[in-house]
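*Asks:* Please find one structure pasted underneath; my questions will follow.
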Amino acid sequence: MPSRGSPSVADLLRHNGVQVTAQRLAVVRAVSACPHGTADDMYEVVRQDIGAISRQAVYDSLAMLAEKNLIRRIQPAGSPARYEDRVGDNHHHLICRTCNRMVDVDCAVGHTPCLTAADDSGYEIDEAEVIYWGRCPGCRASAPEPLAQ
C-alpha cells in the first residue's frame, strides 16, 4: 500500500472510485498488517481495530478491493482464500504443507519463463499464478523427513 510520499490509502480508494469508510480503511490496514491472511483473519484484525463490524462487511470489502486490484486474492488448492496488498507485480508464493505458512517468491528477473505457455491457445497472457509447495525450515527442523529405506 502507499509508502512515504505517496497518496494516502483514502486517496487511493477515492482515485479508484471507492467510497472511503472507516470499515474499508480498517480492512486495508488489516491486509497490510496480516499479509496472506484469510478473510477470517482479517475479520479478527478489523474487529480489534475498530470494534463492531459484521463478518459480511469484511468479506464484501475484501471482494471489492480485490476486484479493484487494490489487494490481491490468492486461493491455493484446498485452502481458503488469502489476501495481500502486494499487487502490480507477478510474484508467486511458497506454502508449507505442514503449517500452511505462505511467503512471497519473486518472479524470474528479466525473461519471465512463467509467462511463456507452451501453447497459449491464442490468449494474450499477462499474469501467471504459481504456487510452490513444500515444508518451511521450522517444520523441517521440528519433524525431519524419515530416512529412505
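*Asks:* Which length gain, in nm to one decimal place, applies between Arg140 and Arg47 when the Cα-Cα distance is subtracted from 0.36 nm times their residue separation? Provide the component values of the computation, followed by the final result.
*Replies:* Numbers: separation 93, 0.36 × 93 = 33.48 nm, distance 3.43 nm.
Going from the current span to full extension adds 30.1 nm.
*Asks:* Obtain the nm distance between the two label points defined at Arg14 and Arg97 by a simple spin-label model: each point lies 7 Å from its Cα along the Cα-to-C-beta direction.
*Replies:* Each label point lies 7 Å from its Cα, and together they span 5.0 nm.
*Asks:* Using heavy-atom solvent-accessible surface (probe 1.4 Å) with all chains present, what is the largest-first order of His36, His91? Spell out each step's value before the answer.
*Replies:* Details: His36 25, His91 0 Å².
From most accessible down to least: His36, His91.
*Asks:* Also, quick follow-up: Just flag the GluC sites (Glu not before Pro) in segment 48-130 sitting in loop per DSSP whose Cβ has no more than 10 other Cβ atoms within 10 Å.
*Replies:* Working: sites: Glu67, Glu84, Glu124, Glu127, Glu129; in loops: Glu124, Glu127, Glu129.
Here the GluC sites (Glu not before Pro) that fit, given the DSSP loop and packing criteria, are Glu124, Glu127.
*Asks:* Hey, could you get me the Stokes-Einstein D for the chain, Kirkwood radius over alpha-carbon pairs, 37 °C and 0.692 mPa s, rounded to whole µm² s⁻¹? Display every interim value, and only then the final one.
*Replies:* Working: Rh = 17.4 Å.
In µm²/s, the coefficient is 188.
*Asks:* Can I ask one more? Could you check the simple spin-label distance between Cys107 and Thr38, using points 7 Å along Cα→Cβ, in nm with one decimal?
*Replies:* 2.9 nm
*Asks:* Here is a follow-up. Given points 7 Å out from each Cα along the Cα-Cβ axis, report the Ser121 to Gln75 separation in nanometres with one decimal.
*Replies:* 1.8 nm
*Asks:* Can you compute the helix-only [θ] at 222 nm over the chain? Use -39500 (n - 2.57) per DSSP H run of at least 4 residues, normalise by all residues, nearest 500 deg cm²/dmol. It would help to have the intermediate numbers written out before the result.
*Replies:* Values: 5 runs with 50 residues, N = 149.
That calculation yields -10000 deg cm²/dmol at 222 nm.
*Asks:* Taking every DSSP beta bridge with both residues inside segment 21-144, roughly what % is antiparallel (nearest 5)?
*Replies:* Details: 9 of 13 bridges.
Of those bridges, close to 70 percent are antiparallel.
The values are calculated or read from the model by the stated rules, or taken from the named source; none is laboratory data. Note that the structure is a prediction, hence the values are computed from the model and not measured. Please note: Cβ atoms are built from the backbone with ideal geometry, for glycine as well, and neighbour counts cover all protein chains shown. The area values use the complete protein model at the heavy-atom level, side chains included, leaving out ligands, DNA and RNA. Shrake-Rupley method; radii C 1.70, N 1.55, O 1.52, S 1.80 Å.
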